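One structure is given here, and the rest of the page talks about it.
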Amino acid sequence: MAIRRSAGILLFRRTADGPEVLLGHMGGPFWARRDAGAWSVPKGEYGDDETPWDAARREFQEELGLPAPAGAPLPLGEVVQSGGKHVTVWAVEGDLDPADMVPGTFTMEWPRGSGRTAEFPELDRAAWFGLEAARAVIVQAQAAFLVRLAEQV
């Protein structure tokens, strides 16, 4: 079985209260009423024809509908999520207004088993979080990226 790989960019900014990170709330009906564990680094899958960094930049653009930040990337390494997906992330310092987000979409059968399809946003919203608040809502395995970021900034 092939390893599923994903790459993303954790945008961060410095504030008087410490670093804040931009997370996206996963779109679609499964995540609609969830908060804890439903926020993620903007990321996406890639294949052998693309470098992880190129994929991270592409996915940032696709998921948020905004250009990938131009700052210097800080490698935060890789984690393996509970479903087995390997996720590689870089932190990049920058700022943006989450209200400017125009998310990409995906199509799925909904309700399940109905034969009907519906379109949903990849991320239904994005928000800035302090590191402690981010730990409370981020996908569990991705919390390691917050620890690694705190060690570097």
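Numbers below:
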| item | result |
| --- | --- |
| Residues of the stretch 114-153 classified as assigned to a helix (DSSP H, G or I), touching a residue at least 24 places away in the same chain (Cβ under 8 Å) and not basic (Lys, Arg), total | 13 |
| Sole residue being touching a residue at least 60 places away in the same chain (Cβ under 8 Å), open to solvent by 80 Å² or more (accessible area, probe 1.4 Å) and under 19 Å from Arg4 (Cα atoms), chosen from Glu45, Glu62, Glu93 | Glu62 |
| Boolean, Met108 is in contact (Cβ under 8 Å) with a residue 12 or more places away in the chain and closer than 17 Å to His25 by Cα | no |
| Test: Thr107 is open to solvent by less than 30 Å² (accessible area, probe 1.4 Å), part of a strand (DSSP E or B) and not aliphatic (A, V, I, L, M) | no |
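The values are calculated or read from the model by the stated rules, or taken from the named source; none is laboratory data. What you are looking at is a predicted structure, and each value in this text was computed from that prediction instead of being measured. Cβ coordinates were reconstructed from backbone atoms using ideal geometry, including for glycine residues, and neighbour counts include every protein chain displayed. Note: accessible area is taken over every heavy atom of the protein model, side chains too, but ligands, DNA and RNA are not part of it. Shrake-Rupley method; radii C 1.70, N 1.55, O 1.52, S 1.80 Å.
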